[in-house]
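Every number in this text was worked out from the coordinates using simple rules, so none of it is lab data. Just so it is clear, the structure is predicted and the values come from calculations on it, not from any experiment. Using ideal geometry, Cβ is built from the backbone for each residue, glycine included, and neighbour counts are taken over all protein chains shown.
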Amino acid sequence: MDLTDREISLIRQSFARLKAENDAVSPFGDAFYARVFAQMPEARSLFRADMAGQGMQFLSTLHVLVDHLDDLDRIDRELRTLGEGHAAFGVRPEHYAPMGEALIETMREAFGETFDAETETAWRRAYTGLSQRMIAAGLPGEAERVTPP
């Protein structure tokens, strides 16, 4: 995952805004999962019933990853745990691209014009790299099946 310093900065700046707007409740998480389930209704069975908690967990995990984009050893430890857990719950490589697209669409809606092409590209590159690492950890040999959102 070869993100530039500029891409990491753009991701962190946009995430800081997202985090500030979603501390007590997670409208972003709710909007994200609504998009995921609209694109992949079959994915609903992969998630627990408490989607508000799931949305907050998603933001918390995203926070850890964003904070460590420049520390690949830490990222790989986190992604190994996430990848193995997701695989155990039945998440398959083909689920990652629609989830990535749901993430981008939700960010585009949340940020409007401030989610410019450069920021979107940075998030797409980060998501693709992170998801490939998660799949490699949880389903070795299948990471190449990830297509960018």
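Sequentially through the range 41-56, phi angles give Karplus couplings (6.51, -1.76, 1.60; θ = phi - 60°) of x, 5, 6, 4, 5, 7, 10, 5, 5, 7, 6, 5, x, 5, x, 5 Hz, Gly and Pro residues having no value and appearing as x.
Computed about the Cα centre, the dipole magnitude for the chain is approximately 340 debye when only Lys and Arg (+1) and Asp and Glu (-1) carry charge, each at its Cβ. Note on residue 8 and residue 70: the model spin-label points, each 7 Å out from Cα along the C-beta direction, lie 0.4 nm apart. Dividing the mean sequence gap of close Cα pairs (under 8 Å, 6+ apart) by how many residues the range 5-145 holds gives a relative contact order of 33 percent. Where only DSSP H runs of four or more residues are counted, the chain gives -23500 deg cm²/dmol as its mean residue ellipticity at 222 nm, each run worth -39500 (n - 2.57). When the GluC sites (Glu not before Pro) in the range 48-144 are filtered for DSSP coil states and for at most 16 other beta-carbon atoms within 10 Å of their beta-carbon, the remaining sites are 142. In the range 5-145, taking the dipole from charged Cβ atoms about the Cα centre, the farthest positive-side position among 102, 20, 137 is held by 137. If you take the alpha carbon atoms of the chain and fit the smallest convex hull around them, that volume is 100 Å³ per residue. With neighbour counts taken as other beta-carbon atoms within 10 Å, the residues 26, 45, 131 rank, fewest first, as 45, 26, 131.
Need one word for the range 12-83: rounded, prolate or oblate. Basis is the Cα gyration tensor (sqrt eigenvalues a ≥ b ≥ c); a/c below 1.5 gives rounded, then a/b vs b/c decides. Verdict is oblate for the range 12-83.
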